[in-house]
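K.L.:
What follows is a single structure, and I will ask about it in a moment.
The values are calculated or read from the model by the stated rules, or taken from the named source; none is laboratory data. None of the values given here were measured: they were computed from a predicted structure. Virtual Cβ from ideal backbone geometry, glycine too; neighbours counted across all protein chains shown.
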Amino acid sequence: MMIRQYPAIQVRGNEVVRIEDTICIEDSFHLYLNDKLLTELTASPDQLEELGAGFVVCEGLVQDVETVQLSGSEIRVYGKPKGESAWVLRSSGGVGTRKAPRKVTSSITIEPKAVLRTIRELESKVWRKTGAVHCSVLFLDNNLVVRSSDVGRHNTIDKVVGFAVLNGINLSRCVIGCTGRQPVGMVSKVANAGVPIVISKGASTDKGILTADRAGLTLICFARGERFTVYTHPHRIRAVASHRHQPSG
């Protein structure tokens, strides 16, 4: 359950009315890797196994997840670690690893119309009721595989990646669509997962673009209506691949 009803007072011009409003729930969870506490996550209370599995993969902490166990507010993930990592506070207040993301290697390409279809799938039922969540979608071979909503944009990426990890889906063949902006932390998550293309309704930042370029990730932002902007590695988008641009810096 991601929503609940709260009493409120709504003002409409000169009219004051009492209402029952639909509100999104946020909760806190303790995330463990191999029984060692990693961090406390603020998240919507659904798809928690996917959240845990996706977090450790997207932060480059493990390559493969063996199992995930839930107990109350604890998410315990087990897998072979990839070494120690320093932590950094992200722009959204969440935490992540400081290490450079892995290089993305994938030969997939998509049509421009697939970019627009990806964005059209980003409006979730929870968002329509509350207006308070971000959403990410995962496509495999132009088919929608999973849609995830959460109060945190980082969490939505973790959840769709975690779903793929737990279901044996080849992430190098996938495309991620996201409602959230794409600074370095979000871009790094997608690259660490090995997903070659990320499409966002929002903007990126200078370091987000440079990170995507160095990681070999195709970064697409401002995907709205019938337009979108390709910042890095346009060779994966058919019909625009010949218009190459190299970020400066």
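K.L.:
Which numbered condition trips up GLY162, out of (1) surrounded by 24 or more Cβ atoms within 10 Å (Cβ to Cβ); (2) more than 19 Å from VAL65 (Cα to Cα)?
P.N.:
Unmet condition: (2).
K.L.:
Turning to a different aspect of this structure: Out of (1) of a type in the set (Asp, Glu); (2) modelled with pLDDT of 95 or more; (3) closer than 30 Å to LEU217 by Cα, what's the single condition that is false for ASP64?
P.N.:
Going through (1) of a type in the set (Asp, Glu); (2) modelled with pLDDT of 95 or more; (3) closer than 30 Å to LEU217 by Cα one by one, ASP64 breaks only (2).
K.L.:
Which of (1) under 19 Å from the mean Cα position of the chain (by Cα); (2) exposed (fewer than 13 other Cβ atoms within 10 Å of the Cβ); (3) among the hydroxyl-bearing types (Ser, Thr, Tyr) is the odd one out, the single condition THR39 does not satisfy?
P.N.:
Answer for THR39: the failing condition is (2).
K.L.:
Collect the residues in the stretch 189-207 that are touching a Lys or Arg at 6+ places or on another chain (Cβ under 8 Å) and either acidic (Asp, Glu) or under 21 Å from CYS135 (Cβ atoms) (or both), keeping them in residue-number order.
P.N.:
ALA191, ASN192, PRO196, ILE197, SER200, LYS201, GLY202, ALA203, SER204, THR205
K.L.:
While we're looking at this one, here's another question. Have a look at SER172, SER204 and point out the one that is out of contact with any helix residue (DSSP H, G or I) (no Cβ under 6 Å at 6 or more places or on another chain) and buried (at least 20 other Cβ atoms within 10 Å of the Cβ).
P.N.:
SER204
K.L.:
Condition first: crowded, with 21+ Cβ neighbours inside 10 Å, outside any helix (DSSP H, G or I) and at pLDDT below 95. Can you find one or more residues in the stretch 85-92 that meet it?
P.N.:
There is no residue in the stretch 85-92 that is crowded, with 21+ Cβ neighbours inside 10 Å, outside any helix (DSSP H, G or I) and at pLDDT below 95.
K.L.:
Scan the stretch 161-182 and tell me whether some residue there is within 21 Å of VAL77 (Cβ to Cβ) and among the aromatic types (Phe, Trp, Tyr). Spell out the reasoning first.
P.N.:
Going residue by residue through the stretch 161-182, those that are within 21 Å of VAL77 (Cβ to Cβ) are 161-171, 174, 176.
Restricting the remaining residues to those that are among the aromatic types (Phe, Trp, Tyr) gives 163.
Yes, some residue in the stretch 161-182 is within 21 Å of VAL77 (Cβ to Cβ) and among the aromatic types (Phe, Trp, Tyr).
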